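What follows is a short report on a single structure.
The values are calculated or read from the model by the stated rules, or taken from the named source; none is laboratory data. All values derive from a computational prediction rather than experimental measurement. Positions of Cβ are generated from backbone atoms using ideal geometry, with glycine treated the same way; all protein chains shown enter the neighbour counts. Note: areas computed on protein heavy atoms with side chains; ligands, DNA, RNA excluded. Shrake-Rupley method; radii C 1.70, N 1.55, O 1.52, S 1.80 Å.
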Amino acid sequence: MKNMICYVYRLFLKPIRLSFQSRKAFLAELEKFSMGKKLFYRIKNEHDCVFVLPYTSLGDAYIVSLFLAEKSFCKSDYVLCVASEKCAFIAQSFGIKNTECLTVEDLDALKKYILVSWEDESKRILHFHYCRTSLMDKIVNLYGFNFMQCYKNFIFKSDITDPSIGVEDFPAQKTTFGDGSVIIAPYAKSLKILPISFWTALVARLKKIGFCDIFTNVSDTSEIPVPGTKQCCLPLNDICQVMNGISLFFSIRSGLCDFISRTECKKYIFYPKVDVMFESKAFYTLSQLPGARNFYEYEIGMDESCYEDVLNDVFAEIACRGAE
């Protein structure tokens with residue numbers, strides 16, 4: 001009886017009390033739940049377990065795939081549902097064959113059904129922060145967990161025991177990037193980006209020490225190349241080979257950094273400091289990723305007065321490593 005009351009509360013009463021003021025909105029939510037239920041059982045007929053990646057972040061796709069590739073989390077037949085072809089590609093790069101790319105609307109409905117009907121071993125949402133924002137923030141602050149530890153302790157309940165697990169090798173291809181090339185990735189979908197003036201100053205100093213073949217990686221027409229650079233748009237199935245062949249890579253911290261963390265080039269990663277109470281570098285550092293190498297990380301304030309000191313540190317490191 002108690003379970004039934006909780007079920008009715010989660011499905012009907014709680015959404016109305018917290019979010020909805022109209023019958024129309026409530027019925028729309030109920031329809032979403034029904035659609036998610038039908039979708040779940042359609043997928044469940046083909047697989048033992050249904051796992052959902054709730055966001056389109058490449059970094060989350062990389063971490064989830066890393067744990068799933070360990071095979072200790074689930075030994076049954078499972079399918080990973082995502083809402084992005086890029087996330088599906090990353091999962092498949094780890095040898096995860098059963099992936100289903102859904103529309104955002106379908107994935108939202110599936111998440112709704114799983115949350116309301118309770119997660120269990122046959123259906124899980126694979127993200128520690130999803131619908132637990134306030135609680136997780138308190139736990140992270142209390143124990144000082146980084147994001148890899150959050151996945152380990154709250155979702156997968158296991159560690160990465162095989163450090164060699166990683167993205168499968170891609171066939172070698174000729175590229176237009178020489179071993180003296182530099183690629184800049186100043187854009188991210190879900191994080192605050194640095195002003196273009198920072199990247200312009202970076203490019204000017206790179207050219208001053210002899211780097212002329214400099215590219216800005218963009219993903220769509222809303223992203224423009226940094227002045228003084230050439231534009232490139234690297235697909236995921238090419239980017240690891242490219243990174244193994246170039247000299248330097250500069251990027252704001254994004255999910256792309258996770259995906260290329262094992263590559264050969266020297267990677268300089270910047271963490272915009274937008275919240276004095278949150279140390280993004282400590283939480284998202286690449287050092288927690290198995291096999292990550294050749295990376296240097298810098299936290300940077302959003303004020304232009306901070307740029308010079310950070311760039312001095314970056315170029316001192318480049319000089320020290322003999323990259324020029």
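From the set of residues in the range 100-114 that are surrounded by fewer than 20 Cβ atoms within 10 Å (Cβ to Cβ) and of a type in the set (A, V, I, L, M, F, W, C), which is farthest from residue 72 (Cα to Cα)? My answer is 104.
Looking only at residues of the range 293-324 that are more than 20 Å from residue 182 (Cβ to Cβ) and either open to solvent by less than 70 Å² (accessible area, probe 1.4 Å) or hydroxyl-bearing (Ser, Thr, Tyr) (or both), we find that the one that is modelled with the highest pLDDT is 299.
Restricting attention to the range 291-324 and to residues that are free of Cβ contacts under 8 Å to residues at least 60 places away in the same chain and part of a loop (DSSP other than H, G, I, E, B), the residue that is nearest to residue 146 (Cα to Cα) turns out to be 292.
Scanning the range 241-288 for residues that are within 22 Å of residue 178 (Cα to Cα), part of a helix (DSSP H, G or I) and within 16 Å of the chain's Cα centre (by Cα) returns 256, 257, 259. The residue that is nearest to residue 62 (Cα to Cα), counting only those in the range 241-263 that are open to solvent by 10 Å² or more (accessible area, probe 1.4 Å) and among the hydroxyl-bearing types (Ser, Thr, Tyr), is 254.
Yes or no, residue by residue, for (1) assigned to a helix (DSSP H, G or I); (2) surrounded by fewer than 20 Cβ atoms within 10 Å (Cβ to Cβ); (3) within 17 Å of the chain's Cα centre (by Cα):
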site	(1), (2), (3)
33	yes, yes, no
41	yes, yes, no
54	no, no, yes
59	yes, no, yes
62	yes, no, yes
73	no, yes, no
81	no, no, yes
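Restricting attention to the range 214-240, which residues are assigned to a loop (DSSP other than H, G, I, E, B) and either surrounded by 17 or more Cβ atoms within 10 Å (Cβ to Cβ) or among the basic types (Lys, Arg) (or both)? 218, 225, 226, 229, 234 - these are the residues of the range 214-240 that are assigned to a loop (DSSP other than H, G, I, E, B) and either surrounded by 17 or more Cβ atoms within 10 Å (Cβ to Cβ) or among the basic types (Lys, Arg) (or both).
Name the pairs whose Cβ atoms lie under 8 Å apart, with the first residue in the range 264-290 and free of Cβ contacts under 8 Å to residues at least 60 places away in the same chain and closer than 20 Å to residue 187 by Cα, the second surrounded by 20 or more Cβ atoms within 10 Å (Cβ to Cβ) and of a type in the set (Asp, Glu), and 6 or more positions between them or separate chains? As it stands, the answer is 286/258, since those pairs meet every condition given. Quick check: anything in the range 115-131 assigned to a helix (DSSP H, G or I), modelled with pLDDT of 90 or more and surrounded by fewer than 19 Cβ atoms within 10 Å (Cβ to Cβ)? Within the range 115-131, none of the residues are assigned to a helix (DSSP H, G or I), modelled with pLDDT of 90 or more and surrounded by fewer than 19 Cβ atoms within 10 Å (Cβ to Cβ).
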